[in-house]
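> Can you keep this structure in mind? I'll have questions shortly.
The values are calculated or read from the model by the stated rules, or taken from the named source; none is laboratory data. Bear in mind that the values here come from a model prediction, so they are computed numbers and not experimental data. Please note: Cβ atoms are built from the backbone with ideal geometry, for glycine as well, and neighbour counts cover all protein chains shown.
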């Protein structure tokens, strides 16, 4: 009795340490990612150039003010630490290219991107799960070859090409994201399920006449869930990366299109905020998947 209680306490302490380690790594990575983004933007060719100074309607004082505002960001460390202080009070700065508060831009565009990613990830996981399960159940070489060819063909197509095809065929942007994420998800899920279904206890359960549904939920799902959660965290990262070309080429006013506009304009305040936001979401997804997977593995043990 005492041994079981001590074992449970050790598992809880280990889980707490893992969560604390993830939080520290998340904080350090987000801070470093923001600084690295600011440094790369500042060192990019043409950062000091501002097309607004070419406006013939501006007088000398206005042109000088624009140039001075651009040169205030020369010191990256000063800019970044002052940004962190302002961000701690809720002020994310103003976009130098769009002339609007960054906080308002993110709040306005974030819902569309969240909806796009949610639908795209849901469709990709639904399609990948159905095909991977059917391939593991049927065990037909022809069917397996067909699904492999389809997923391999999609894997060879760049994200921009799939986004353009969705525009030409008048398809939602979420379909393009689903087709971008699907081949990565399917291949891993397919290989994992085929390996699980070839284990001796699964073959013995089939020989005893157990239904496929019972085998799935009693002997397959508990084993594959930790790996599937890890794959879910990675798929979120892939979907976020795919959202930039999809939104930019499909004309969708989301965070991805905003990041594209900010990169073209070398909008330092906007790019730093978007980098921190994307890094934070990506790390939260991966860390949550890792913690949940550890909890599931601990329950199995």
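> Kindly indicate whether residue 161 is over 25 Å from residue 248 (Cα atoms), at pLDDT 85 or above and either touching a helix residue (DSSP H, G or I) at 6+ places or on another chain (Cβ under 9 Å) or assigned to a helix (DSSP H, G or I) (or both).
In short, no.
> Can you name the residue in region 249-266 that is touching a residue at least 60 places away in the same chain (Cβ under 8 Å), under 21 Å from residue 96 (Cβ atoms) and in a helix (DSSP H, G or I) and, of all such residues, is farthest from the chain's Cα centre (by Cα)?
It comes out as 265.
> Right, here's the next one. Has region 135-142 got any residue that is under 25 Å from the mean Cα position of the chain (by Cα) and part of a helix (DSSP H, G or I)? Steps first, please.
From region 135-142, those under 25 Å from the mean Cα position of the chain (by Cα) are none; that's our starting set.
No, every residue in region 135-142 fails to be under 25 Å from the mean Cα position of the chain (by Cα) and part of a helix (DSSP H, G or I).
> Farther than 28 Å from residue 162 by Cα, touching a helix residue (DSSP H, G or I) at 6+ places or on another chain (Cβ under 7 Å) and assigned to a helix (DSSP H, G or I): does that describe residue 269? Show your work before the answer.
Details: farther than 28 Å from residue 162 by Cα: yes; touching a helix residue (DSSP H, G or I) at 6+ places or on another chain (Cβ under 7 Å): yes; assigned to a helix (DSSP H, G or I): yes.
Yes; evaluated as a whole, the condition is true for this residue.
> While we're here: How many of the residues in region 95-130 are outside any helix (DSSP H, G or I) and surrounded by fewer than 17 Cβ atoms within 10 Å (Cβ to Cβ)?
Summing the residues that are outside any helix (DSSP H, G or I) and surrounded by fewer than 17 Cβ atoms within 10 Å (Cβ to Cβ) in region 95-130 gives 4.
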